[in-house]
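Worksheet: the structure to be examined is printed underneath.
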Amino acid sequence: VWLPNPEARAPAPTKFRMDVSENDKEYRVLAELPGAKKEEISITISGNEVAVSAEVKHEKDVENGETVLRAERYYGKIERAFALGQEVDEATAQAKYNDGVLELTLPKKTVSAAKRLAVH
């Protein structure tokens, strides 16, 4: 007979699943962050580098003197960093979080034409 360790818990994965798509004007990122609260999500953008991290909390829901037989939910910091093919316009980037899914809309920075200097 297998008797589980009530104190054992699953380790927090360091990464999370996400989809990245693009069109001519922007990148769109959908990231699964179940158990995170929007206040605990951090997004940083630097050029074409994007980093997303979140603190996921595990809340015990044991009642009436019950003993936990198996705990597979995790808590801890999860993070992901990735590079995009083009720089992101940080000023107009948007983030929405709903039902455990983070949606990032990352407009591509327009490339300005090279300026030719006149030689005097």
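Just so you know, all these numbers are worked out from the coordinates, no wet-lab data involved. Computed from a predicted model, the values in this text were never measured in an experiment. Glycine gets a Cβ as well: all are built from the backbone with ideal geometry, and neighbour counts include every protein chain shown.
Each label was represented as a point 7 Å from its Cα along the Cα-to-Cβ direction; for N23 and K38 these points are 2.3 nm apart.
Among 99-106, 27-34, how do they line up by average Cβ neighbours within 10 Å per residue, starting with the highest? Mind dumping the intermediate values first?
Details: 99-106: 15.6, 27-34: 17.2.
Listed from highest to lowest mean packing, they are 27-34, 99-106.
Between S46 and H120, the FRET efficiency from the beta-carbon distance, with R0 = 35 Å, is close to 0.40.
Count Lys and Arg as plus one, Asp and Glu as minus one, and take only other residues whose Cβ is under 14 Å from that of I41; the net charge is then -1.
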